[in-house]
Amino acid sequence: MTRRELVAIPMADGVELSATLFFPDGDGPWPAAMEALPYRKDDITAIYRPGYAELADAGYVVCWLDVRGTGSSGGLATDEYSEAERHDLVAAVDWLATRDWSAGTVGMFGTSYGGFTSLQVALRSSRATTDTPTTSTTSAACSSSSTSSTTRPT
């Protein structure tokens, strides 16, 4: 069974972003995959949980994140795709890449809002590479090394 953990990801200004992490079975390190949405992960979009568990079963730590000022995250949401949100998501990628369980590789995924945020982070991060989507889901990958590429578990 996939283990879930609720975490608060600290931002430089003291705001904490709420995330639910879904862990694969076994020992890491594992790559991470993040979807960042403004749609209140703890109630409105709870129906998405089985999909995140499936990704965890495939060997990823999945981070399901409420963006700043939405859902269970702190701060104020001032606009869609704000500068503060982009900064937060780059910081969240860095946070995920530096956890003890992390393989140092973090990808983002999503459709609609999640897809746009994935692309914005890939363009902003100095450690970003993009991955050609194999489905209708937009994906982008950010890794902890400027020369590494997207890694998928075997």
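Treating the beta-carbon of each Lys and Arg as +1 and of each Asp and Glu as -1, no other charges, what is the dipole magnitude of the stretch 3-143 about its Cα centre, to the nearest 20 debye?
Roughly 120 debye for the stretch 3-143.
Residues with amide H under 5 Å of Gly71's amide H, sequence separation 5 or more or different chain, H placed in the peptide plane at 1.01 Å from N; which?
Arg40
Pop out the ³J(HN,Hα) list for the stretch 103-115 in order, Karplus 6.51 cos²θ - 1.76 cosθ + 1.60 with θ = phi - 60°, rounded to Hz; leave Gly and Pro as x.
Rounded to whole hertz, the list is 7, x, 10, 10, x, 10, 8, x, 10, 6, 4, x, x.
We did not get these values from a lab; they are worked out from the coordinates using the rules stated. The structure displayed is predicted, hence computed values, not measured ones. Glycine also receives a Cβ, built like all others from the backbone with ideal geometry; neighbour counts cover every protein chain displayed.
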